[in-house]
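Only the coordinates and a few stated rules stand behind these numbers; no lab work does. Because the structure is predicted, anything quoted here is derived from the model rather than measured. Cβ sites come from the backbone with ideal geometry, for glycine too, and all protein chains shown count toward neighbours.
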C-alpha cells in the first residue's frame with residue numbers, strides 16, 4: 001500500500017507529548033519528513049532522536065509558539081532543510097485551571113490566549129506564504145469541542161479555541177484560491193496529559209480520586225468514555241491527506257457525540 005505522505009514535509013507544533021507526539025510517529029510511518037517543535041526541549045528532542053534512529057528525516061526546535069521571530073526562524077529552517085512545507089499542524093496548546101470565570105486570574109487568561117490563539121495566528125502567518133509560493137498545502141489547527149460549545153469552568157480555554165476556529169475559517173476563505181486547505185480538529189476529552197491534569201484538578205476540587213474524576217468526565221460523553229489519542233490522530237491524517245482535496249474551512253468534531261446533544 002502506498003504511503004499517504006511519502007515525500008511530503010509535515011510540521012507539527014506541540015510535538016513533545018499527547019496528540020503531537022503520536023501524530024509525529026504516524027505521519028513518519030506514512031512517509032513524511034518531519035519538522036517538530038515544542039517549548040519542552042527535552043521532550044521534543046527525545047521524540048526527534050527516536051524517529052531519527054528509526055530512519056526517518058526529522059528536524060526539531062524548541063520555542064514558544066507565541067514568539068513570532070522563533071516561528072519565522074523555524075519555518076525558514078524547514079524550507080532551507082527540506083525545500084518545501086506541505087502540511088502544518090498547529091497543535092500546541094495549554095489549558096487554564098478549572099474555575100468559574102470570575103476566579104480566573106488575568107495572567108492565566110492572557111497565557112492561554114497567547115499560546116492557543118496567538119500561537120496559531122503566528123504559525124499561519126508564516127506557513128501560508130510558503131504554501132502560496134509552492135502552489136498549495138494543508139494546515140490543520142487543533143481546536144477543541146470547547147471551541148464549538150460553551151465549556152463551564154474553562155472559559156479562557158473555550159475562548160481561545162473559539163478563536164482558533166474563527167481564524168481557521170477566515171484563513172480557509174482567503175487561501176482557497178492558492179490551493180491551501182485550512183481546517184480545524186475539535187477533540188473532546190482524550191487520554192492525554194492535559195486531560196489527566198484536568199482529572200487531577202477536578203479530583204482535588206471535589207475530594208475524589210483521579211479515577212472517579214475520569215468517570216465523571218466520561219459520563220458527559222454520549223459514548224461514555226474518553227478518546228484514545230490514536231482515534232484523534234487518525235482523523236488528523238485523513239483531514240490532511242491530498243485525496244481529501246475538497247475539505248476546507250471545517251471544524252471537525254472528534255468528540256464521542258459530546259457536541260451532538
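Quickly estimate the mean residue ellipticity at 222 nm for the chain, helices only: each DSSP H run with n ≥ 4 gives -39500 (n - 2.57), and the total goes over all residues, rounded to 500.
Using -39500 (n - 2.57) per qualifying helix, the result is -15000 deg cm²/dmol.
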query = Between region 56-122 and region 128-191, what's the alpha-carbon centroid distance in Å?
reply = 13 Å
inquiry  = Taking the Kirkwood radius as the inverse of the mean 1/r across Cα pairs, report the Rg/Rh of region 67-154.
reply    = 1.08
query = Where does helix 155-175 land angle-wise versus the long Cα axis of the chain, in degrees 0 to 90, nearest 10?
reply = 30 degrees
key: Full-extension gain in nm, residue 77 to residue 49, via 0.36 nm per residue minus C-alpha separation   = 8.3 nm
query = Once both labels are modelled 7 Å past Cα along the beta-carbon direction, what's the residue 103-residue 238 spacing in nm?
reply = 3.9 nm
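Where Rh denotes the Kirkwood radius from the mean inverse Cα pair distance, what is Rg over Rh for region 16-57?
0.92
So for region 14-124, Kirkwood radius off the Cα pairs, Stokes-Einstein at 4 °C and 1.567 mPa s: how many µm² s⁻¹? Show your work: numbers first, answer last.
Working: Rh = 14.8 Å.
Estimated diffusion coefficient is 88 µm²/s.
So how many Å³ per residue does the convex hull of the Cα atoms of region 88-128 work out to?
60 Å³
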query = Against the longest alpha carbon principal axis of the chain, how many degrees, from 0 to 90 and to the nearest 10, is the axis of helix 18-29 turned?
reply = 30 degrees
remark   = The computed P(r) of region 140-179 puts the percent of Cα pairs beyond 13 Å at 51 percent
remark   = The helix 68-82 Cα axis meets the longest alpha-carbon principal axis of the chain at an angle in degrees, between 0 and 90 and rounded to 10, of 40 degrees
request  = Take the chain, connect every pair of alpha-carbon atoms lying under 10 Å apart with a spring to form a Gaussian network, then pick out the residue of 133, 227, 145 with the largest mean-square fluctuation.
outcome  = 133
